[in-house]
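Asker: Starting off with a structure, shown below.
The values are calculated or read from the model by the stated rules, or taken from the named source; none is laboratory data. Treat the numbers as computed from the prediction; the structure is a model and nothing was measured. Positions of Cβ are generated from backbone atoms using ideal geometry, with glycine treated the same way; all protein chains shown enter the neighbour counts. Surface areas here come from the heavy atoms of the whole protein model, side chains and all, with no ligands, DNA or RNA. Shrake-Rupley method; radii C 1.70, N 1.55, O 1.52, S 1.80 Å.
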Amino acid sequence: PTSFFSLPVLEILYLNNNDLIGSIPPEISNAPALLDLFLGSNLLSGTIPEVSPGALLTLEGLRLSFNNLTGTMPSSICALRNNLLPPGNLICLHADCSSIPPDTPEITCMDGCCTQCTHG
């Protein structure tokens, strides 16, 4: 449920390998203390939502690999990775941004944004 992201003390949410379906809710921006969000190895689809300005500044780890996500990694998430203003703390950003030719990556990451690209 998206209400998880409204919990003021939510720091770690590991939901890897849970057969989750649907899209990543934009409410992830509502988690003020979130350090790690691991959503890898599920059945998530759609695009990755933008993060609201000033949100997720505490986020250190975001793992989205091995899903069915498509599109471009939002610039607001890359800004957290690249320590742009406001400064972000995102150290680990995993996504399906690698491919084996002639396939194209599921997620397009700007240079310096994703720390690990996998072939989902």
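Asker: With an 8 Å Cα cut-off and a minimum separation of 6 or more residues, compute the relative contact order for the chain in percent.
Answerer: 20
Asker: On to the next question. Can you list the equivalent-ellipsoid semi-axes of the chain, largest first and in whole Å, using the square root of 5 times each Cα gyration tensor eigenvalue?
Answerer: 22, 17, 11
Asker: Averaged per residue, what accessible surface does region 44-83 expose to a 1.4 Å probe, in Å²?
Answerer: 41
Asker: If we count every other residue with Cβ under 15 angstrom of C117's Cβ, Lys/Arg +1 and Asp/Glu -1, where does the sum land?
Answerer: Numbers: positive: R63, R81; negative: D96, D103, E106, D111.
Neighbour charge sum, excluding C117 itself: -2.
Asker: Can you give me the % of accessible surface on the chain that is carbon or sulfur? Probe 1.4 Å, all protein chains present, nothing else counted.
Answerer: 57
Asker: Please give the net charge around T70, taking every other residue with its beta carbon less than 14 angstrom from that of T70, where Lys and Arg add +1 and Asp and Glu add -1.
Answerer: -3
Asker: May I pose another question? Please identify the cysteines of the chain that lack any partner cysteine with a Cβ under 4.7 Å from their own Cβ.
Answerer: C92
Asker: Comparing N18, N42, N67, which has the greatest mean-square fluctuation in the GNM of the chain with Cα pairs linked when under 10 Å apart?
Answerer: Fluctuation is largest for N18.
Asker: With each run of n ≥ 4 DSSP H residues scored as -39500 (n - 2.57), what mean residue ellipticity at 222 nm is computed for the chain after dividing by its residue count and rounding to the nearest 500 deg cm²/dmol?
Answerer: On the way: 1 runs with 7 residues, N = 120.
About -1500 deg cm²/dmol.
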